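The values are calculated or read from the model by the stated rules, or taken from the named source; none is laboratory data. Note that the structure is predicted; figures quoted are calculated from it, not measured. Glycine gets a Cβ as well: all are built from the backbone with ideal geometry, and neighbour counts include every protein chain shown.
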Amino acid sequence: MDKRIILGVHVTGRVEHATEAQKIFTEYGCYIKTRIGLHEVDANLCSPAGVIILEVFGDESKADELAKKLNAVEGVEVKTMVFERHGTAGG
């Protein structure tokens with residue numbers, strides 16, 4: 001049995017806070033299997049807030065460290081989802 005760990009990272013004030021969050025993403029880059037960024041954008045708007053979804057690889061303690069460091073950044077909030085997987089096919 002292993003786990004699939006997903007971190008949902010809400011960043012407000014992207015212009016002000018994204019640089020610090022990016023430094024942390026880079027620091028933990030070897031533990032980030034998938035990264036998806038979402039924010040509102042159209043011809044008249046580029047939202048100052050966004051959500052980044054991270055699939056974390058490896059030990060759960062690294063995901064906890066990553067979440068703790070990101071939560072310490074002003075304007076960043078992290079939620080964690082952990083899915084227990086049994087076996088390798090179809091989870």
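Restricting region 32-86 to residues that are hydroxyl-bearing (Ser, Thr, Tyr) and modelled with pLDDT under 95 leaves a set whose member that is farthest from the chain's Cα centre (by Cα) is Ser47.
Candidates in region 13-31 are the residues that are at pLDDT below 90 and surrounded by 14 or more Cβ atoms within 10 Å (Cβ to Cβ); of these, the one that is farthest from Ala67 (Cα to Cα) is Arg14. Of all residues in region 26-44, those satisfying the criterion of being in contact (Cβ under 8 Å) with a residue 12 or more places away in the chain and closer than 19 Å to Thr12 by Cα are Arg35, Ile36, Gly37, Leu38, His39.
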